[in-house]
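The structure under discussion appears below in the form of structure tokens.
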Amino acid sequence: MTNFVEELRWRGMLHDIMPNTEEKLNEGMTSGYIGFDPTADSLHVGHLTQIMTLIHFQNAGHKPFALVGGATGMVGDPSGKSDERNLQTPEMIEHNLKGMKKQLAKFLKFEEGGNGAVMVNNADWFKDMNLFTFIRDVGKHITVNYMMAKDSVKRRLEGDSGLSFTEFCYQLIQGYDFYHLWKNENCLVQMGGSDQWGNIVTGTELIRRKDGGTAYAITTQLIKKADGTKFGKTESGAVWLDPEKTSPYKFYQFWLNASDDDVKKWIRIFTLKNKEEIEALEKEHDAAPHLRILQKALAEDITVKTHSVEALEAAIKTSEFLFGNGSLEFLKTLTENQVLEMFEGIPQFNISKSDLAEGIDAATLLAEKTKVFPSKGETKKLIQGGGVSVNKEKVADVMQVFSTEHLINDQFIVVQKGRRNYFLLIAD
Ligand SMILES: N[C@@H](Cc1ccc(O)cc1)C(=O)O
């Protein structure tokens with residue numbers, strides 16, 4: 001057994017901890033849980049802190065429970081939310097649960113017995129819960145005064161949009177989850193992001209008042225970015241763990257683009273590298289920051305853990321193709337969708353195959369048939385300056401002729417101005 005809390009502490013993950021929690025965990029193998037609500041059909045990078053917490057918990061020798069919120073997803077957690085949420089349909093929740101469960105299963109070791117991870121769904125104990133049982137056996141132990149004093153509730157009472165009775169009940173439902181797992185699975189600790197403190201403590205309070213029992217709580221830091229923008233969002237939206245929603249290439253790039261300040265924190269939080277390894281990498285990084293050694297180490301580690309070694313290799317090759325000396329051969333191995341995904345956000349122009357079949361000179365192709373460059377004169381100047389490439393080869397002369405033979409996979413032509421400015425021509 002190792003000291004789980006100390007692990008969170010040196011990694012900069014610990015936010016709050018209830019008295020005696022660390023001592024309790026150090027006594028021996030303990031069960032603990034984190035809940036995930038099915039708000040979408042995939043987890044996103046914002047969930048990774050919780051996932052890493054469970055991984056550390058298990059690696060320290062404790063038994064992790066990953067709870068999926070089939071019941072709580074029907075209600076909606078007001079914590080950290082300034083507005084009432086829309087209710088999700090049971091079908092949506094079912095669909096979302098499926099996606100989330102598959103992802104969670106990838107990160108933890110689920111072998112039977114010992115400290116093997118366990119997945120539970122709170123719908124299993126709530127589906128037969130009767131309203132009168134709930135308000136008599138659960139509600140009676142917690143006062144409305146107590147519930148109203150929570151940050152998540154107070155803020156909504158002060159704001160304009162208020163809070164429905166439905167969301168007001170949320171803390172009691174999560175509180176009962178903790179009670180249920182404490183009672184039936186000897187689950188003594190609940191963990192979560194710092195916004196979950198209120199809900200977790202309602203649980204320890206319920207355990208105390210209902211059964212005179214003791215339970216423990218740990219919360220982790222919310223991830224912040226040094227520049228003040230929100231973690232986990234790019235121009236194209238959230239960064240998802242599902243490769244269908246965020247390609248492994250984009251996922252890899254997200255981590256690769258971390259700032260130097262952020263990466264030093266994130267490499268501690270999102271990888272399992274130990275202190276010595278991280279400090280050695282930091283030293284190497286600081287000697288030549290432009291090599292982005294820390295960013296690469298972080299991006300590689302987390303892409304393999306979330307996707308696979310193969311996905312990482314493809315992501316690196318794609319990055320090399322776009323930003324380095326990658327070869328055209330690589331592009332030929334990709335499907336149409338993979339090419340389009342790779343060039344997402346890069347200017348694209350259509351060109352007709354029949355025009356190409358006749359052969360088109362560079363100036364006409366780039367300034368007339370497409371608007372890659374504003375005019376033939378401009379195109380000529382750029383080409384003479386040696387600044388234009390087609391399919392990764394310098395265009396030597398404005399009169400150079402291009403035809404369907406130049407189409408990659410019978411569909412694409414890649415144009416570059418300088419090294420970094422890409423344009424994609426799509427033939428139809
Ligand atoms: N309320 C948590 C999810 C959760 C659900 C049920 C629980 O028992 C615990 C946690 C969240 O929104 O992130």
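Residues of the range 55-74 that are within 30 Å of residue 86 (Cβ to Cβ) and among the aromatic types (Phe, Trp, Tyr): 65 alone. When we screen 161, 152 for residues that are within 20 Å of residue 69 (Cβ to Cβ) and either open to solvent by 20 Å² or more (accessible area, probe 1.4 Å) or in contact (Cβ under 8 Å) with a residue 40 or more places away in the chain (or both), the only hit is 152. Of all the residues in the range 280-325, those that are open to solvent by less than 30 Å² (accessible area, probe 1.4 Å), without any contact (Cβ under 8 Å) to a residue 24 or more places away in the chain and in a loop (DSSP other than H, G, I, E, B) number 2.
Of 78, 64, which residue is farther than 28 Å from residue 266 by Cβ and not charged (D, E, K, R)? If you could, list the steps in order and put the result at the bottom.
Details: 64 fails: farther than 28 Å from residue 266 by Cβ.
Unique residue meeting the criteria: 78.
Quick one: which residue in 246, 229 is touching a His at 6+ places or on another chain (Cβ under 9 Å), hydroxyl-bearing (Ser, Thr, Tyr), part of a loop (DSSP other than H, G, I, E, B) and more than 16 Å from the ligand (Cβ to nearest atom)? Only one candidate qualifies: 246.
Of all residues in the range 188-209, those that are over 20 Å from residue 223 (Cα atoms) have Cβ atoms under 7 Å from Cβ atoms of residues that are of a type in the set (Lys, Arg) and more than 10 Å from the ligand (Cβ to nearest atom), 6 or more apart or on another chain, in 188/24. Listed conditions (1) open to solvent by 30 Å² or more (accessible area, probe 1.4 Å); (2) under 19 Å from the mean Cα position of the chain (by Cα); (3) of a type outside the set (Val, Ile, Thr) are all met by residue 185, apart from (2). Screening the range 326-428 for helices (runs of 4 or more DSSP H) wholly inside it with 1 or more residues that are out of contact with any His (no Cβ under 6 Å at 6 or more places or on another chain) and closer than 28 Å to residue 315 by Cα returns the ranges 328-332, 336-342. Just the residues that are buried (at least 20 other Cβ atoms within 10 Å of the Cβ) and near the ligand (Cβ under 8 Å from one of its atoms), please, taken from the range 188-199. 190, 192, 193, 196, 199 - these are the residues of the range 188-199 that are buried (at least 20 other Cβ atoms within 10 Å of the Cβ) and near the ligand (Cβ under 8 Å from one of its atoms). In this entry, residue 198 passes the filter for residues that are assigned to a helix (DSSP H, G or I), modelled with pLDDT of 95 or more and within 26 Å of the chain's Cα centre (by Cα).
All conditions in (1) more than 28 Å from the chain's Cα centre (by Cα); (2) open to solvent by less than 50 Å² (accessible area, probe 1.4 Å) hold for residue 133, with the sole exception of (2).
Would you confirm whether or not the range 237-248 contains a residue that is under 20 Å from residue 54 (Cα atoms), surrounded by fewer than 21 Cβ atoms within 10 Å (Cβ to Cβ) and not aromatic (Phe, Trp, Tyr)? Yes, that holds for at least one residue.
Taking (1) touching a strand residue (DSSP E or B) at 6+ places or on another chain (Cβ under 9 Å); (2) aliphatic (A, V, I, L, M); (3) open to solvent by less than 30 Å² (accessible area, probe 1.4 Å) in turn, residue 142 satisfies each apart from (1).
Of the residues 216, 170, 176, only one is in the same structural domain as residue 84 (by TED's automatic domain parsing), away from the ligand (no atom under 14 Å from the Cβ), open to solvent by less than 50 Å² (accessible area, probe 1.4 Å) and within 29 Å of the chain's Cα centre (by Cα); which? Only one candidate passes the filter, namely 216. Scanning the range 2-36 for residues that are of a type in the set (Ser, Thr, Tyr) and open to solvent by 30 Å² or more (accessible area, probe 1.4 Å) returns a single hit, 2.
Taking the condition of being surrounded by fewer than 14 Cβ atoms within 10 Å (Cβ to Cβ) and either of a type in the set (Val, Ile, Thr) or at pLDDT below 85 (or both), how many residues in the range 331-345 meet it?
In the first step, residues of the range 331-345 are kept if they are surrounded by fewer than 14 Cβ atoms within 10 Å (Cβ to Cβ); the result is 332-333, 335-337, 344-345.
Those left that are additionally either of a type in the set (Val, Ile, Thr) or at pLDDT below 85 (or both): 333, 335, 344-345.
Qualifying residue count for the region: 4.
The values are calculated or read from the model by the stated rules, or taken from the named source; none is laboratory data. Predicted model only: the values in this text are computed from it and were never measured. Because the Cβ atoms are built from the backbone with ideal geometry, glycine has one as well, and the counts that use them run over all protein chains shown. Accessible surface areas use protein heavy atoms only, side chains included; no ligands, DNA or RNA. Shrake-Rupley method; radii C 1.70, N 1.55, O 1.52, S 1.80 Å.
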